[in-house]
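Visitor: The structure's right below; bear with me while I get my questions together.
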Amino acid sequence: MISFNLFVLPFSLGLIYLLYMIARWWYKWISALNPNDKTRFRNGLFSPRFFSAVKEVFLESLIHRKMFKRNALMGYMHMSFALGWFLLIILGNIESRIYSTTHINPPYYPIFLKFFIHDKTVLWFEIYTVPGFFRFIMDLLLLFILSGLALAIVKRSKSRWFGMTRTTHYQLTDKVALTCLWLIFPVRLFAESFTDGYYGGGGGFVTQHLGNLLVLIFQEASQHIAYMLWWTYSLVLGIFFVTLPFSRYWHIPTEILLIFFRHFGIKPQAGHSSFSDVEIGACSRCGVCIDVCQLGVAAHVHDIQAVYFIRSVRDEQVNRDITLRCLVCGRCQQSCPVGIQTDSLRLIERNIFSGSLQSDFGYLPPKTPRQASIVYFAGCMTHLTPGILRAIKGIFLQAGVNYLFLDEQGSVCCGRPMLLSGKHDQAMKLMEANRQLILATQAETLVTSCPICYRMFIEMYDLPMQVVHHSQYILELIKTGKIPLQTHYKKVAYHDPCDLGRGSHVYHAPRELLAKVSDLVHVKNEYEDALCCGGSLGLYTLNPKKRNMVTKNALDILMANQPEIIATACPLCKKTFAKLSDVEVLDIAEMVYPAIPDKTQVTA
Amino acid sequence: MKDFGYSIRKDRQIDYDKNDKRVLHYLEKHEPSILTCIACGSCTATCSAGNFSDFNIRLVQTLFRRGETEPLKLEIRKCMLCGKCQLVCPRGVNMRNMILAIQTAIDKLK
């Protein structure tokens, strides 16, 4: 006979609805992949990448490894819910199959097992295994989850303990889903305890003892209270499942698909695609990106952070100003535990708001530069910092480098500013013009002073030559003995430019170089965690006053160990800092050049 | 008609009471920093695009104030958005957003 009671209906209907939604959306996303990505997806399913994806799902979606790295309490809280619930479902299913009296095992059966079965002594099972094994393990898992719930409640008021200063503002559906999620496990505990207590058996070390105690207090009423609680348990589960697709918890099924997409080599595109849709759904709104956003921390702009931006895209309420109000510094992307490429999502949306501007760069003259093996490209911004240009020219002269200054008479923009405004196609026009110019030199090495150009050359240009930032090139000159150096011991704080650090992963060359000419001091935010100078070309809609607040905040952190000089490797960072800094702001080239002894005199 | 080799020019008079200020009004709302422009021309002097062409970002300011949408549309197509103008501007005019916002405003006219 099938065990059934009316109260299983809310849970069952909720579950059916949730599974339908997951199947529907997964099908929609997978079938909307472009033909190439579809092939990738199909091939990926039958390759070792499938298993590496499963492994990541296990590590990230259940154990929450990245969360642990960020903060142990936060990691534990997430793990207890995800892994605890997962094991509860798996073991509950095994348990229900062992004690089941029929072969038909409906999905609700393991969930409400204790309601249906009170006597758990099955002779063969109890004899051949540890008696009470499941009763013990199920109670232990429930305690595990409840400990996470306790942490979640503490986190509401003490988010700092979890490494977060600010947390996300929730929407109504989030609040409903959250309340249900919090209720599920305490209600389960009491429903099971009352039942176990009333029937005098079937519970584990927690539920049985708590049950016995409760029955002492509530006597005969226990049976009715238990029944009521089973109804509540089913209801909160049902409501949770129904609200899940409209709340932050939608990230649970979506993130799994995202991990598979990533492992199968599917990448974001210039416009909206299945990949970006899945990323938007996979945002858990944990709010880790809120604390790292300098616009929020330093300039009190609280509506543009990745979590709110992604939510507004999902709800189709995004507007132009918010889309364009972002430094695109990549700090949120760096910190995102789900690994969402927030920058590319921002650019996709900017594309939509950039209007129908059809750039026309027909005026760019078809220049034919002379051929040279070493080509120097200053970039637009370096032309605004003559100090850097002088230093570079001086260093090249001392080292006897025979080079071609490609853009001495004016630069063709590398295309990144255009790309950051979301105009992918217009940026391609600039890139092509610049690329042809560079290719015509038949250079072996392209040196640039601007990290923005450097990143573009590496990421987008596909150049058949070595591309280096000047910090790397000068370091090479020193290592090969082309320029001698006198060491100075001024205290210097190094600022990692976004596009050189997070953007291109060049962290060590500038530091190695600076260590040769100065005394590097520690900065709180460095390497991947470096701050943006505030001058970012990614930011379009913010008044200069607030922009300065970002710069000032970054400066304060750089100045914490009282350096005598702030060094950077980007003309835009230099220019941005220089206007607000109390100490001298120098580019790396400007640090190295004065340290060269016995310079050959330059004739003007 | 007899071709005398000269013709009458199209009227270039701009009536500030009647000209099309819709782009200007959009900008006033979405990029108010344009109002602080003193027409010093620093932007134009440093312009990357101006290096290779007659692109004149100060002229852009003049054009939307006059409501000359057609030439404005053609002029902004030359901008590379590199942002040098913004760095040299003594008044903090947010020129990159100005260019993007002009296009948005023009799109809205249709």
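The numbers here are math on the coordinates, done by the rules we state, and not lab data. The shown structure was predicted, so the numbers you read here are calculated from the model rather than taken from an experiment. Cβ coordinates were reconstructed from backbone atoms using ideal geometry, including for glycine residues, and neighbour counts include every protein chain displayed.
Visitor: Considering only the other residues whose Cβ falls under 15 Å of the Cβ of A:TRP230, what net charge follows from Lys and Arg at +1 and Asp and Glu at -1?
Guide: Taking every other residue near A:TRP230 into account, the sum is 0.
Visitor: What is the extension gain from A:LYS491 to A:LYS599, computed as 0.36 nm multiplied by their sequence separation minus the C-alpha to C-alpha distance, in nm to one decimal?
Guide: Additional length available on full extension: 36.5 nm.
Visitor: When the Karplus curve 6.51 cos²θ - 1.76 cosθ + 1.60 is applied with θ = phi - 60°, which whole-Hz ³J(HN,Hα) does each residue of region B:90-105 get, with x for Gly and Pro?
Guide: Residue by residue, region B:90-105 yields x, 10, x, 6, 7, 6, 5, 5, 4, 4, 5, 5, 4, 4, 4, 5 Hz.
Visitor: I want to check the label-to-label distance for A:ASN543 and A:GLU220. Put each point 7 Å from Cα in the C-beta direction and report it in nm to one decimal.
Guide: Roughly 7.4 nm, to one decimal.
Visitor: Could you run the Karplus curve 6.51 cos²θ - 1.76 cosθ + 1.60 with θ = phi - 60° over region A:507-521 and give me ³J(HN,Hα) per residue in whole Hz, x for Gly and Pro?
Guide: Along region A:507-521, the couplings run 10, 8, 4, x, 5, 4, 5, 5, 4, 6, 10, 7, 10, 6, 9 Hz.
Visitor: For a quick check: with amide H placed at 1.01 Å from N, whose amide H comes under 5 Å from A:PHE405's, ignoring anything fewer than 5 positions away on the same chain?
Guide: Answer set, sorted by chain and number: A:TYR376.
Visitor: Report the relative contact order of region A:167-251, percent, no decimals, based on alpha-carbon pairs under 8 angstrom and at least 6 residues apart.
Guide: 39 percent
Visitor: Another question about this same structure. On a straight-distance basis, which lysines could pair with B:LYS2 in a cross-link, Cα separation under 29 angstrom, same-chain partners fewer than 8 positions away excluded?
Guide: Counting by Cα, and skipping residues close in sequence, B:LYS2 has these lysines nearby: B:LYS10.
Visitor: Another question, if that's okay. Across the Cα atoms of chain A, what radius of gyration and what greatest pairwise Cα-Cα distance (Dmax) are found, in Å?
Guide: Here Rg and the maximum Cα pair distance are 30.5, 105 Å.
Visitor: Just subtract the alpha-carbon distance of A:LEU6 and A:PHE51 from 0.36 nm times their residue separation and send over the number in nm, one decimal.
Guide: Full extension from A:LEU6 to A:PHE51 adds 12.1 nm.
Visitor: Okay, which of region A:509-530 sit inside 14 Å, backbone N to the point 7 Å along the Cα-Cβ direction of A:GLU564?
Guide: Inside the label zone: A:517-521.
Visitor: Sticking with this structure for a sec: Let's see if you can work this out: charge +1 on each Lys and Arg Cβ, -1 on each Asp and Glu Cβ, no other charges. What is the dipole magnitude of the protein assembly as shown about its Cα centre, in debye to the nearest 20?
Guide: Approximately 1180 debye in magnitude.
Visitor: Related question: If I histogram all Cα-Cα distances within chain B using bins 5 Å wide from 0, what percent of pairs lands in each bin?
Guide: P(r) for chain B, in whole percents per bin: 2, 12, 22, 22, 17, 10, 6, 4, 3, 2, 1, 0.
Visitor: What is the extension gain from A:LEU397 to A:ALA270, computed as 0.36 nm multiplied by their sequence separation minus the C-alpha to C-alpha distance, in nm to one decimal?
Guide: Values: separation 127, 0.36 × 127 = 45.72 nm, distance 4.24 nm.
Full extension from A:LEU397 to A:ALA270 adds 41.5 nm.
Visitor: What ranking of A:TYR249, A:TYR227, A:TYR489 emerges when the number of other C-beta atoms within 10 Å of each C-beta is taken as an exposure proxy, fewest first? Mind showing how you got there, number by number?
Guide: Working: A:TYR249 21, A:TYR227 17, A:TYR489 9.
Ranked by crowding around the Cβ, least crowded first: A:TYR489, A:TYR227, A:TYR249.
Visitor: Determine Rg/Rh for region A:484-595; Rg is computed over alpha-carbon atoms and Rh is the Kirkwood hydrodynamic estimate from the same atoms.
Guide: Looking at region A:484-595, the ratio lands at 0.96.
Visitor: Nearest 10 degrees is fine. How inclined is helix A:251-263 to the longest principal axis of chain A, computing both from alpha carbons?
Guide: 50 degrees
Visitor: Pairs A:LYS574/A:LYS599; B:LYS29/B:LYS108; A:LYS552/A:LYS579; A:LYS545/A:LYS575; A:LYS28/A:LYS66; A:LYS545/A:LYS579: which exceed 18 Å Cα-Cα?
Guide: Numbers: A:LYS574/A:LYS599 25 Å; B:LYS29/B:LYS108 14 Å; A:LYS552/A:LYS579 10 Å; A:LYS545/A:LYS575 16 Å; A:LYS28/A:LYS66 29 Å; A:LYS545/A:LYS579 13 Å.
Long pairs (Cα-Cα over 18 Å): A:LYS574/A:LYS599; A:LYS28/A:LYS66.
Visitor: Relative to the Cα centre, what is the charge dipole magnitude of region A:501-604, using +1 at the beta carbon of each Lys and Arg, -1 at the beta carbon of each Asp and Glu, and rounding to the nearest 20 debye? Intermediate results must be reported in sequence, preceding the final value.
Guide: Working: 12 positive and 12 negative charges, 110 e Å.
So the dipole magnitude of region A:501-604 works out to roughly 520 debye.
Visitor: Now a separate question. What is the calculated FRET efficiency for B:GLU70 to A:LYS28, with r their C-beta to C-beta distance and R₀ = 56 Å, to the nearest 0.05?
Guide: Step by step, r from the Cβ atoms, then E = 0.80.
Visitor: Set the Förster distance to 41 Å, then compute FRET efficiency between A:LYS175 and B:LYS21 from the Cβ-Cβ distance, nearest 0.05.
Guide: Values: r = 46 Å, r/R0 = 1.11.
Given R0 = 41 Å and the Cβ-Cβ separation, E is 0.35.
Visitor: If r is the Cβ-Cβ distance from A:GLU528 to A:ASP303 and R0 is 25 Å, what FRET efficiency results, to the nearest 0.05?
Guide: Here the calculated transfer efficiency is 0.45.
Visitor: When all C-alpha to C-alpha distances in region A:291-370 are sorted into bins of 10 Å, what percent of pairs does each bin hold, rounded to whole numbers?
Guide: Here the calculated profile for region A:291-370 is 16, 41, 20, 13, 9, 0.
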